[in-house]
Every structure is written in structure tokens, then in C-alpha cells.
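Before any comments, here is the structure.
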Amino acid sequence: MNLKQLASELGLSQTTVSRALNGYPEVSEATRRRVTEAAARLGYRPNASARRLATGRAGAFGWVLHNNAYGPHTVEFLGGLAERLIHDEIDILVSTVTTEDEEIAAYHRAAASKRVDAVVLASPYPNDRRISVLNELKLPFILHGRSESALPHAWLDIDNAGATERATAHLLDLGHRRIALLNGPRGMTFTIHREAGYRAAFAARGEPVNPAFLVNSVFTDEMGFRNAQRMLERTPSPTAFVAGSMMTALGVFRAIRSAGLVLGRDVSMIAHDDVFPYLNADNMVPSMSTTRSSIRAAGTRVAELLTQLLAGKPASEIHELWPVDLVLRESTGPKL
């Protein structure tokens, strides 16, 4: 089936169908959904080569990763991104770097070679140098996360402050006061927001924060184990943990068991759950209380927003902040 036949089947003009398939913002969401569903049902696939010649686009999005960024979070986000882009026959070009200067150089090469139409930025900082560089290069981009930059930029983020505040508040309401926050690397926007939410929960109840219970590190099982083990050896030790990821939570769980304690009885924990298909919070023993947010769904939505950006929607109008659910299970209980 070609574009003319698809348009005839829908009773729409070829221009409307083409714009709907390519994410142009002036096409209503209802029309876009109707066109994409019909295209899938009838087996219509646009000719990628012809489209690239017509639009002058490369048909690829770029993503620059640091060597230490590979892990389950990256895999899930990439899976969501690819899941959406495959329908438009758009490729993902991944570059690997070790330093910030190498990353900036990669953007300069991408802009000069015109190998990608847009790029995705992960793990932004409040004053992120990459935003000004990409604006100067006129290379479209979107942040997975947020920045305080006044320069126009598209972004999608979750409510990290609200998620951590709700988790901490719940533990405080259960009677816990010695609550440890195992946060991400220092200085990133999301870690700043999470600490702010943690502190806000304490402040709302007139309780002081113990700086010794605030830790910044990468989200791995090993670092979760080491940090939790060190804290549990303290006097006094935490009676509850807020873990920045499910990977961190696995390490905390090991440390709790190594100390001869029982999760959900002696020590409580709430983890940030990125809805990993291979790590189900419901099936853990005890089941894990979480702040739930799908990083795969975020990847899918970022792909959709990039398509809208390339179709002409202003970057200043592409700002999405997703709420985060608190799901209570067996790993949380009242302070004994």
C-alpha cells in the first residue's frame, strides 16, 4: 500500500496523512492516532529512502554515552526509544565517550557530518554546558531530565522531588526518624531534586536531617551493599532506607540480611522502581515498596517528542513532568 491508497482509504488528503505520520503539531491527536492505527492495520510503511531525500534528513537520532553509563537503566530507556523509532524507520546512532570534552566534540562531529537529525541528552546538570553548545550548533535535542538553563530546550522528566518526599513522609509517619537516602551521583539535577524532597518531608514535620544518612553514589548492587553495610554498623543506625533504584535496593537488602535483620520488620525500605521486566518488586520476598516510574515508557515518549520537535513544534513548548506513584508493599512497616 502506498501513501495515496492509505489516504484514499481514510478519506483524507495525502498531505494530512503524511503530516500525521511524521508528527507535525498542527495535526490533531485524534487524527494522528487514526492514521497511525490504519497504517499499522493495513501494512503501510513509508519508503525511508524517498522520505530522507524529500526531507533532507539523516533518518537517525544520536545518543552520546559515557563509558560508566551502561546498565539496566540505560538498556530500558534505549529499548523504549527504539521501540517507538522503529515504526518510522529511524535509527539510533550511539557514541561512547569518557570525558565531557569528548562528548562536546562528538556533538560537533554530528552537526558537521549531518549524520543525525537530533540528539538525546541524559542525566543533565542544573547548568548544563551541552544545552548552549547544541543551541549554537543548531542541532535539535531533548533532555531526559531537567536543567535550569534559560536557553530554549525540550525536556521530559519525572517528579523526583515529589517521589522522594512522599516516600520519606510515609516512613516518617510510620515512626521512623533515622532514614537513610541512598541517592545518585552528586550534582545532577535529579539527585538535587531527590534530596530536596527528602529534606522537605523532614521539614514539614519539624524533624532534623542527619547528614550522615545522606549518601551519593552510582546505582549498583555493590555500592548499595557497601553504603548500607557501613550505615548499619553505625550507632545509632538507620531504621529505614530510601533507595534511589531497584539495583541499589538489592544491595541494601543483602546488607540488612548480613546484619541479621529482617526487612519490613527491623528495617524498612522504599526503592525507586523503574519497572524493570526482570526485577519485579511484587515477586521479591518480602515484596518491595516503591516509587514507580517506567524508564522504558520515558524512552518511548522522548522519541515521540523528538519527532514533534523536528516537525516544527517549538522546544519551549515541549516540557513534560510525570507524576510518580507510591506503591506500598511488605518492605515497609512501623518502627519497632
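The values are calculated or read from the model by the stated rules, or taken from the named source; none is laboratory data. As the structure is a prediction and not an experimental result, all values here were calculated from the model. Using ideal geometry, Cβ is built from the backbone for each residue, glycine included, and neighbour counts are taken over all protein chains shown. Accessible surface areas use protein heavy atoms only, side chains included; no ligands, DNA or RNA. Shrake-Rupley method; radii C 1.70, N 1.55, O 1.52, S 1.80 Å.
Results, tabulated for the structure shown:
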item	result
Partner aspartates and glutamates for residue 138 [C-alpha distance under 18 Å; skip if fewer than 8 residues away on the same chain]	103, 117, 128, 317
Sparse-neighbourhood loop sites, trypsin sites (Lys or Arg not before Pro) in the range 225-272 - DSSP loop, at most 14 other Cβ within 10 angstrom	234, 265
Between helix 72-85 and the chain: long-axis angle, C-alpha atoms, 0 to 90°, nearest 10	20 degrees
102, 330, reordered so the largest accessible area comes first (probe 1.4 Å)	330, 102
Square roots of five times the Cα gyration tensor eigenvalues for the range 277-317, Å	35, 10, 4
The range 256-302: equivalent-ellipsoid semi-axes (sqrt of 5 x gyration tensor eigenvalues, Cα, Å)	27, 10, 8
The range 198-314: mean projected area of Cα convex hull, nm²	9.8 nm²
With DNA, RNA and ligands ignored, accessible area of residue 320 (1.4 Å probe; Å², nearest 10)	40 Å²
Whole-Hz couplings from phi, Karplus 6.51/-1.76/1.60, listed for the range 171-185; x for Gly and Pro	5, 4, 5, 7, x, 6, 10, 9, 10, 8, 10, 9, 9, x, x
Heavy-atom accessible area ranking, 1.4 Å probe, most first, across 103, 89, 148	148, 89, 103
Whole-number accessible area per residue in Å² for the chain, which is evaluated in the context of all protein chains at 1.4 Å	46 Å²
Using alpha-carbon coordinates, inclination of helix 295-310 to the longest axis of the chain, degrees	30 degrees
Exposure of residue 35 as accessible area (Å², to 10), given a probe of 1.4 Å and all protein chains	0 Å²
For the range 60-138: Kirkwood Rh in Å [reciprocal of mean 1/r, alpha carbons]	13.3 Å
0 to 90° range, to nearest 10: angle between helix 221-232 axis and the chain longest Cα axis	30 degrees
